[in-house]
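Here is the structure we will look at.
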Amino acid sequence: MTENKEWFESWFDSPYYHLLYKDRDWKEAEFFITNLNNYLNLNQTHHVLDLACGKGRHSITLNNFGIRVTGIDLSQHSIKEAKKNESESLKFAVHDMREVYKEYEFSHVFNLFTSFGYFSNTKDNERVLVAIYKSLKPNGTFVLDFLNIEKIISDLPSNEEKEIDGINFQISKKYEDHFISKKICFSIHQNDFSFQERVTAFTQDELIKLTSNCGFEIKDTFGGYDLSKFIQNQSERLILILTKKGA
């Protein structure tokens, strides 16, 4: 059964994924969420869906501002950890982003930290966008935080090693067939492990076209978590603020 799993099902639910990224910065999450909160003028009447929430660092941070948040993720391990922080206004659930969670429920949907483009089949990526559209209330807002592919490609291929808790992770990145892929290899007690991360290398124009075809229109584009202007080939991020067209 394991062999039939998609890369994200195996890797994101692995304890080694959480070990490798255990130092992800909560201050960075707070900085980004604070800026989004101020820009979007969020308040207690809003209900935000944090799509592919992981262990919930963005959900928790946003909820600390008094915003009602629901976080969903395919990883049972991540949601189990996130649920330790649940309250009346903060809920978490295991869910596949390709399926609608609740129709017309949310004022905003956040998809942050490059949690889009996981699927080899473009139709599956479209299914994600359609599900987001159906989840939003009329005139709802969708925040898509993605890589700036042009800048990423200019820095590839690359290789690095990270030693964490006695495990030596060997990481290689490359651009091939319109995908950015990362291979993670390590050994534990003479057992070799290999995982990958794989994201479709959507350009700005491709994302705008794809989201438009699924019923969204662009309101703003930013190039970093400080919500600075997007500059092609320079900005670290591509952050699209989109609104739901029609009812």
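The values are calculated or read from the model by the stated rules, or taken from the named source; none is laboratory data. This structure is a prediction, so every number in the text was calculated from the model and none was measured. Using ideal geometry, Cβ is built from the backbone for each residue, glycine included, and neighbour counts are taken over all protein chains shown. The accessibility values were calculated without ligands, DNA or RNA, using every heavy atom of the protein model including side chains. Shrake-Rupley method; radii C 1.70, N 1.55, O 1.52, S 1.80 Å.
In this structure, residue 131 does not satisfy being out of contact with any Lys or Arg (no Cβ under 7 Å at 6 or more places or on another chain) and without any contact (Cβ under 8 Å) to a residue 60 or more places away in the chain.
Within the stretch 178-207, restricting attention to residues that are among the aliphatic types (A, V, I, L, M) and more than 17 Å from the chain's Cα centre (by Cα), the residue that is least open to solvent (accessible area, probe 1.4 Å) is 184.
In the stretch 84-96, the residues that are charged (D, E, K, R) form Cβ pairs under 8 Å with partners that are surrounded by 14 or more Cβ atoms within 10 Å (Cβ to Cβ), at six or more places apart or across chains, as follows: 86/92; 91/69; 91/70; 91/71; 96/74.
Here is the figure for the stretch 105-148: residues that are more than 18 Å from residue 196 (Cβ to Cβ) and outside any loop (DSSP other than H, G, I, E, B) total 29.
Between 212, 154, the distinction of being of a type in the set (Gly, Ala, Ser) and loosely packed, with under 12 Cβ neighbours inside 10 Å belongs to 154 only. Among the residues making up the stretch 115-151, those that are open to solvent by less than 60 Å² (accessible area, probe 1.4 Å) and small (Gly, Ala, Ser) are 115, 117, 131, 135, 140. The residues on offer are 163, 197, and the sole one that is within 22 Å of residue 13 (Cα to Cα), in contact (Cβ under 8 Å) with a residue 60 or more places away in the chain, among the acidic types (Asp, Glu) and out of contact with any Gly (no Cβ under 9 Å at 6 or more places or on another chain) is 197.
Considering 180, 218, which residue is β-branched (Val, Ile, Thr), in contact with a helix residue (DSSP H, G or I) (Cβ under 7 Å, 6 or more places away or on another chain), part of a strand (DSSP E or B) and farther than 15 Å from residue 144 by Cβ?
180
Going through the stretch 215-247 one residue at a time, which ones are of a type in the set (A, V, I, L, M) and either over 22 Å from residue 120 (Cβ atoms) or open to solvent by 30 Å² or more (accessible area, probe 1.4 Å) (or both)?
Selection gives 218, 227, 231, 239, 240, 241, 242, 247.
Quick one: is residue 83 surrounded by fewer than 17 Cβ atoms within 10 Å (Cβ to Cβ) and farther than 30 Å from residue 121 by Cβ? Yes; evaluated as a whole, the condition is true for this residue.
Conditions tested, residue by residue: (1) in a helix (DSSP H, G or I); (2) open to solvent by 20 Å² or more (accessible area, probe 1.4 Å); (3) within 20 Å of residue 142 (Cβ to Cβ); (4) in contact with a Cys (Cβ under 7 Å, 6 or more places away or on another chain).
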| position | (1), (2), (3), (4) |
| --- | --- |
| 42 | no, yes, yes, no |
| 62 | yes, no, yes, no |
| 72 | no, no, yes, yes |
| 78 | yes, no, no, no |
| 102 | no, yes, yes, no |
